[in-house]
Amino acid sequence: MQRVGTQPLLRYATGAFALASFGLIFLMLLFLVVYAYPAIRFNGTAFFTSPIWNIGNQYGSATVTRAGFTAQAGASFGSLVFVSGTLLSSFLAMIVAVPLSLLVALAIVYRVPAALKPLANAVVELMAGVPSVVYGLWGMIVLVPFIGNRLSPTGNGDGLLAAAMILALMVVPIMVATTRDVVQAQQASIYEASMALGSTSWQAVTRAVLPSVRSGIAGSVLLAFGRALGETMAVLMVCGAAINTLPHGIFSPINTIAAVIVSQLESALTDASGMAQRSLGELALALFVITLIVNAVARIVLHGGDRSGAVG
Amino acid sequence: MKVRAVTRWTSHFWWAVSIAALGFIIAILLSIFAFVIVHGAPALRPALFTPVTSGVAGGLANAIAGTLLLVSIGLVIAGAVGIGTALWVVEYAPQWAARAVRYMIDVLAGVPSIVVGYFLYVALVEVLGWGFSLVAGALSLAIFVLPYVERSADIALTNVPRELREGSVAMGARQGVTMLSIDLPYAIPGILTGLLVAIGIGLGETAPLIYTAGWSNYLPTLAPTHSPVGYLTYVVWTYISQPFAASHALAYAAATLLMVFVFATNLVARSFVEYRFSGRGGR
C-alpha cells in the first residue's frame with residue numbers, strides 16, 4: 001500500500017544521487033576516452049614503446065599528421081619513462097612497506113599494552129592524515145639531502161629511491177590499519193590453539209593467525225599499491241622529474257604518470273595543435289585503467305564484493 | 001631442548017623487531033611534525049594572515065580563504081550526494097542495486113585524484129569553458145571525498161537498530177517519515193565523522209586543484225566560474241622551490257597551518273567516534 005507524498009519524492013531524489021555516484025566512473029572514463037581519442041590514434045603503439053616525450057617545435061607552422069590527426073612537427077608522446085617510473089617506484093615502495101606494515105600491525109595487536117593502544121592507533125591515523133605536499137616537503141628538505149649525501153654515489157638524492165621511500169611511508173598507515181583490523185577480528189582461538197600446541201607466540205602469529213587472514217592482507221596490499229600508483233604531489237617533489245631518460249638504477253631520476261601530468265601542464269598548454277594536452281589525457285586514461293584493474297582485483301581478493309574488510 | 005631455546009629466542013627477536021618497526025614509524029611521524037613546526041612556527045606572525053601573496057612573499061590570506069571556501073563548497077556537494085546515495089542504498093535500493101552502487105563507490109575511492117582533476121579540467125575548464133574556477137575546484141574535492149562520505153553514512157544508517165525502524169513503521173509512519181525522523185538522527189554522529197574525515201582529506205589535496213582551481217594571488221572573488229582560486233597546498237608546493245628565504249617561510253607556514261587544520265579535524269572526528277562507539281575501535 002504505497003501512498004503518494006513524501007516517499008516517492010525522497011525515493012527519486014536520493015535515487016538520483018545514487019545514480020550520479022554510480023555513473024561517475026563511467027562518465028569519467030567515457031570523457032577521457034573521447035578527449036584522448038585523437039592522441040590515441042596519433043600516438044599509436046609508440047605511446048607504450050617510446051621513451052621520448054616531446055611536444056614538437058612550437059616556433060613555426062610545420063606540422064605532422066598521423067592517422068588523420070595533426071601535431072606540431074617533431075612531436076613524440078611516449079609514456080615508457082613515466083609508466084616504468086610509476087611501476088618501479090610503487091613496487092619498490094611495496095617491498096619496503098609490506099613487511100614494515102605487517103610488523104607494525106602485529107606489534108599494535110599483540111605487544112602494545114591495552115592502555116597505550118589508542119595512542120598507537122592515533123599515530124597510524126595521524127600518519128594517514130599528513131597531506132601529500134607535506135610528505136613531499138619533508139622528502140625534499142630532509143630525505144633527499146640524506147640520500148644524496150650519505151647513500152648516493154653521485155650525490156644526487158632525487159629519484160627512484162626517494163620516491164619509493166616517500167610512497168612507502170604514505171601507504172604504511174593504510175596497510176597497518178587494515179592488517180590490524182583483520183588480525184584483531186580473527187578469532188583469538190586460533191592464536192590460543194596454536195600456543196596450546198606448543199608454538200611460541202611468534203610462530204602462532206606467523207603460522208596460524210596470518211595465514212588465516214591472508215586474503216584480507218593481500219587485498220589491503222593491492223589497495224595500497226593502487227594508492228601508490230596514483231600518488232602525485234609527494235612523488236613529484238622528490239622524483240627528479242626525468243624526461244626522455246629511462247631509470248637505470250636506484251638513484252636515477254624518474255618520473256611517474258601522475259607527476260608528469262602535473263609538471264607538463266604548462267608546457268602542453270603551449271601546443272597550438274592541442275595534441276600535447278590530449279596526450280596528457282591519454283596518460284591520465286592509462287593511469288585510470290591501471291588503477292581500476294588493481295582496485296577491481298583488490299575487491300575480488302577481499303571476499304568478493306563484501307566490504308567489511310578494507311577501507312581504501 | 002636446544003632447538004626449543006633457539007625458537008624461543010627467534011620469537012623474542014622478531015617481536016623486538018616488530019616493536020622497533022612501530023618505534024620507527026613513530027619516529028618518522030615525530031620527525032615530520034618537528035620539521036614542519038620548527039620551520040613554520042617562526043613564520044606564523046599576525047602579519048601572515050591579512051595580506052595576500054605577492055610575488056615571492058606576502059601573506060597567506062588568499063590561500064587560507066581559498067582553501068576554506070573550496071573545502072566548504074566541496075563538502076556541501078559531497079555531503080548532499082554522499083548522504084543521499086547512502087539513504088537510497090540503505091532504505092530503498094533492491095539488493096543488487098545496493099551492491100552495484102557500493103561497488104562503484106569503492107572503486108571511486110581508488111581513482112587517483114590527478115585523474116579526477118584531469119577529467120574535470122577537460123569537462124569543465126575546457127569543454128564548458130569555465131576556466132580555472134571555484135566550482136571546478138570544489139567539484140574536484142567533492143568527487144575525491146565522496147566515497148568517504150557515502151561509506152560512513154552508509155555504515156551509520158545500516159547500523160540503525162531494526163527495532164527502532166519497526167517501531168516507527170508499526171506506529172503507522174510512512175517509510176520516508178521513518179527515514180527522516182528515526183534513521184537519520186540516529187546516524188548523525190557517524191555521518192558527521194565521515195564529513196570531518198572528508199574535510200581533513202580535502203584540506204590536504206593539491207593535485208586535482210592545480211587542474212581545476214588554478215591559482216590566484218588575490219582573495220577569492222566568489223564568482224563561480226572564470227576566476228581562479230588560491231589554496232594553501234599550492235603555496236607549499238611552489239614556494240619551497242623559489243630561491244628566497246621569504247618564500248620558504250611562506251611554504252613552511254602554509255604547511256604548518258595545513259597540519260594544524262588536518263589534525264584538528266582528525267582529532268575531533270576521533271573523539272566523536274570514541275564517544276559514539278566507545279569500545280568498538282576507531283573508524
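Table for the structure above
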| quantity | calculated |
| --- | --- |
| Of all residues in the range B:95-112 being in contact with a helix residue (DSSP H, G or I) (Cβ under 6 Å, 6 or more places away or on another chain) and not in a helix (DSSP H, G or I), the one that is nearest to B:D154 (Cα to Cα) | B:G110 |
| Some residue of the range A:60-67 being modelled with pLDDT of 90 or more and loosely packed, with under 13 Cβ neighbours inside 10 Å | no |
| Unmet requirement for B:A156, which otherwise passes all of (1) touching a strand residue (DSSP E or B) at 6+ places or on another chain (Cβ under 9 Å); (2) buried (at least 24 other Cβ atoms within 10 Å of the Cβ) | (1) |
| Test result for A:T200, in contact with a Leu (Cβ under 8 Å, 6 or more places away or on another chain) and either at pLDDT 90 or above or more than 26 Å from A:I300 (Cα to Cα) (or both) | no |
| Residue that is farthest from the other protein chains (Cβ to nearest Cβ), among those in the range B:57-97 that are within 14 Å of B:S152 (Cβ to Cβ) and aliphatic (A, V, I, L, M) | B:L75 |
| Filter result (under 24 Å from B:Y211 (Cα atoms) and more than 7 Å from chain A (Cβ to nearest Cβ)) within the range B:98-112 | none |
| Subset of the range B:1-19 [small (G, A, S) and loosely packed, with under 13 Cβ neighbours inside 10 Å] | B:A5, B:A16 |
| Meets criteria (in contact with a Phe, Trp or Tyr (Cβ under 8 Å, 6 or more places away or on another chain), in a helix (DSSP H, G or I) and of a type in the set (A, V, I, L, M)) for A:A204 | yes |
| Flag if A:A286 is under 19 Å from the mean Cα position of the chain (by Cα) and more than 7 Å from chain B (Cβ to nearest Cβ) | yes |
| Answer residue from the range A:220-277, given it is of a type in the set (S, T, Y) and within 11 Å of chain B (Cβ to nearest Cβ) and is surrounded by the most Cβ atoms within 10 Å (Cβ to Cβ) among those | A:T256 |
| Exclusive hit being touching a residue at least 12 places away in the same chain (Cβ under 8 Å), more than 8 Å from chain A (Cβ to nearest Cβ) and surrounded by fewer than 24 Cβ atoms within 10 Å (Cβ to Cβ), set B:L134, B:L124 | B:L124 |
| Those residues of the range B:72-92 which are closer than 21 Å to B:S181 by Cβ, touching a Gly at 6+ places or on another chain (Cβ under 8 Å) and among the hydrophobic types (A, V, I, L, M, F, W, C), in sequence order | B:W88 |
| Failed criterion for B:V115 (all others in (1) closer than 25 Å to B:A207 by Cα; (2) part of a helix (DSSP H, G or I); (3) more than 8 Å from chain A (Cβ to nearest Cβ); (4) not aromatic (F, W, Y) hold) | (3) |
| Yes/no for B:T256 being more than 8 Å from chain A (Cβ to nearest Cβ), at pLDDT 90 or above and farther than 25 Å from B:V135 by Cα | yes |
| Unique match (being buried (at least 17 other Cβ atoms within 10 Å of the Cβ), in contact (Cβ under 8 Å) with a residue 40 or more places away in the chain and not hydrophobic (A, V, I, L, M, F, W, C)) among A:G148, A:G129, A:G139 | A:G139 |
| Extreme residue, surrounded by the fewest Cβ atoms within 10 Å (Cβ to Cβ), among residues of the range A:17-38 that are at the interface with another protein chain (Cβ under 7 Å from one of its Cβ atoms) and over 22 Å from A:S279 (Cβ atoms) | A:A20 |
| Per-region count, the range A:270-301, residues out of contact with any helix residue (DSSP H, G or I) (no Cβ under 7 Å at 6 or more places or on another chain), in a helix (DSSP H, G or I) and more than 19 Å from A:F26 (Cα to Cα) | 1 |
| The range B:233-255, residues that are within 16 Å of B:A47 (Cα to Cα) and surrounded by 21 or more Cβ atoms within 10 Å (Cβ to Cβ) | B:L250, B:A251, B:Y252, B:A253, B:A254 |
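Residue by residue, here is whether (1) outside any helix (DSSP H, G or I); (2) of a type in the set (A, V, I, L, M, F, W, C); (3) closer than 17 Å to B:V101 by Cβ holds:
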| position | (1), (2), (3) |
| --- | --- |
| B:F144 | no, yes, no |
| B:V149 | no, yes, yes |
| B:I155 | no, yes, yes |
| B:R165 | no, no, no |
| B:A173 | yes, yes, no |
| B:T178 | no, no, no |
| B:L184 | no, yes, no |
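The values are calculated or read from the model by the stated rules, or taken from the named source; none is laboratory data. This is a predicted model, so every value here is computed, not measured. Every residue, glycine among them, receives a Cβ derived from its backbone with ideal geometry; neighbour counts consider all protein chains shown.
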